[in-house]
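Quick notes on the structure that follows.
FYI, it's all coordinate maths here, none of it is from the lab. Here the structure is a predicted model, which is why all the values come from computation and not from measurement. Cβ: placed from backbone, ideal geometry, glycine included. Neighbour counts: every protein chain shown.
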Amino acid sequence: MAIAHLYLAWRLTQSARFLSKRTIVRWLPFIVLLTFYCLPITGLITYGIQGRLDLLEIPKPITYWFWFGFAASYQLLTWIIVLDIIKVGAHFLQYGDPQNRNRLYSKVVWITVLLVLVFSSIKMYLNTTQIDTQQVELTIENLPRDLQGLRIVHISDIQGDQYTGREEIAAYIDKVNAQDPDIVIFTGDLISYGTDYIEMSAEEFAKVKATYGAYAVVGDHDYWADLSNVEPALESKGIPLLRDENRIINVGKVKVLLTGITQVYSKRADPEKVRQLTADSVRVNMKILAAHQVSDQILNEARNNNYHLYLAGHTHGGQVRVPLFGMTFSASEMETEYVSGTYKRGDLLLNINNGLGFTLAPVRYNAPPAITVIELN
């Protein structure tokens, strides 16, 4: 981000110089870019004074401004580099008077800045607040009649906290119910931190209406909050938390096997336990595996044992996917190749749900919250 800002500061201050002789105007781009660093500076000062750092204690405007600057800067960088390439081409072609060319370039740069900032702010707001419904069709050979048209709604990472409150979770669950789900599977992270939001998040999640019930697996933040707090909150409301176990769901006259595995940072799945669960010889008509994170070992066992679906979350779809030259990049891509959406691995369909809430950044960019509707045929 700092490297991008150094380039932007150089180009924008140069452009301002051609449009105004006032010193404040010429230095304004540099000053504005510096304000984006209020969050890390505040964090360092807080840590230096208190010896600890809680990002949630930093004023929200500072946090929002930093993440807006983070995403918008890369969006802007792409266009400024494009304009610079055009400018270099015009220079070599000796197109027009150099002074007029520089003045025109400067005007176009500042129009671009304005458009990109407006676009980025609107996009960040919509990507943070608007819930996507992703429709997935899963074709299975010789599917029993009772399973034809079955609607499995996959959700993840509700992450109840001071940013994702009762209203936001209620809207998410309303969207789930609007899909008329037969089964709802939640792949972990009911809350973001602590224990204050467990009961509220569980209460709203419990309003889900599914013909054959809702089921959950353990997420990283659930594990850190202590499962002795999370599990009773869910199960008292009729939502079982599957912790390395199999559950049979009766759908009409047929059976669906749901395998829930705990795969989080602090408790990696035991390979032998995964083998035992996935090799269960019980006769079923469909197999679903759910875990918070994807691992190659679990993926391979699911494929080897003829599972149809592997559902996971964790990545938030990248949450803040910064754009550069038509591509997007996120921290999640450094951890896993499975960031968002569906992936086909042989006959196994892997789905990664974007979830609802946040980690670190209280915003989303190019990774809106989502629910996934998987319909069988």
Positive end of the dipole of the chain, charges at C-beta (+1 Lys, Arg; -1 Asp, Glu), about the Cα centre: which of 227, 360, 169 has its Cα farthest in that direction?
360
Taking springs between alpha-carbon atoms closer than 10 angstrom, which of 317, 260, 96 fluctuates most in the Gaussian network model of the chain?
96
For region 202-207, in order, what is each residue's ³J(HN,Hα) by Karplus, 6.51 cos²θ - 1.76 cosθ + 1.60 with θ = phi - 60°, in whole Hz (x at glycine and Pro)?
5, 4, 6, 4, 5, 7
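Indicate the gyration tensor shape class of the chain (rounded, prolate or oblate), computed on the Cα atoms with a ≥ b ≥ c the square roots of the eigenvalues: a/c under 1.5 is rounded; otherwise a/b larger than b/c is prolate and the rest oblate.
Because a/c hits 1.5 or more and a/b exceeds b/c, the chain counts as prolate.
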The answer for residue 160, listing residues at least 5 apart or on another chain whose modeled amide H is closer than 5 Å to its amide H, is 191, 192
Given a cut-off of under 8 Å on Cα pairs at least six residues apart, what relative contact order in percent is computed for region 207-256?
39 percent
Got a sec? Charge dipole of the chain, +1 on Cβ for Lys and Arg, -1 for Asp and Glu; which of 197, 238, 6 is way out at the positive end?
6
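Per DSSP H run of at least 4 residues, take -39500 (n - 2.57); add these up for the chain, divide by its residues and hand me the 222 nm value, nearest 500 deg cm²/dmol.
Taken over the chain, the calculation gives -14000 deg cm²/dmol.
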Averaging sequence separations of C-alpha pairs under 8 Å and six or more residues apart, then dividing by the length of the chain, give the relative contact order as a whole percent.
20 percent
Taking region 2-128 and dividing mean pair separation by its residue count, relative contact order in percent (alpha carbons under 8 Å, at least six apart):
33 percent
Can you find, among 73, 113, 18, the residue sitting farthest towards the positive end of the charge dipole of region 2-128, where Lys and Arg contribute +1 and Asp and Glu -1 at Cβ?
18
Two-site label geometry, residue 270 and residue 254: point separation in nm, points 7 Å out along Cα→Cβ:
3.3 nm
Global geometry of region 265-377, whether rounded, prolate or oblate, following the gyration tensor of its Cα atoms and the 1.5 cut on a/c
prolate
Placing unit charges on C-beta atoms (Lys and Arg positive, Asp and Glu negative, everything else neutral), compute the dipole magnitude of the chain about its Cα centre in debye, rounded to 20.
1760 debye
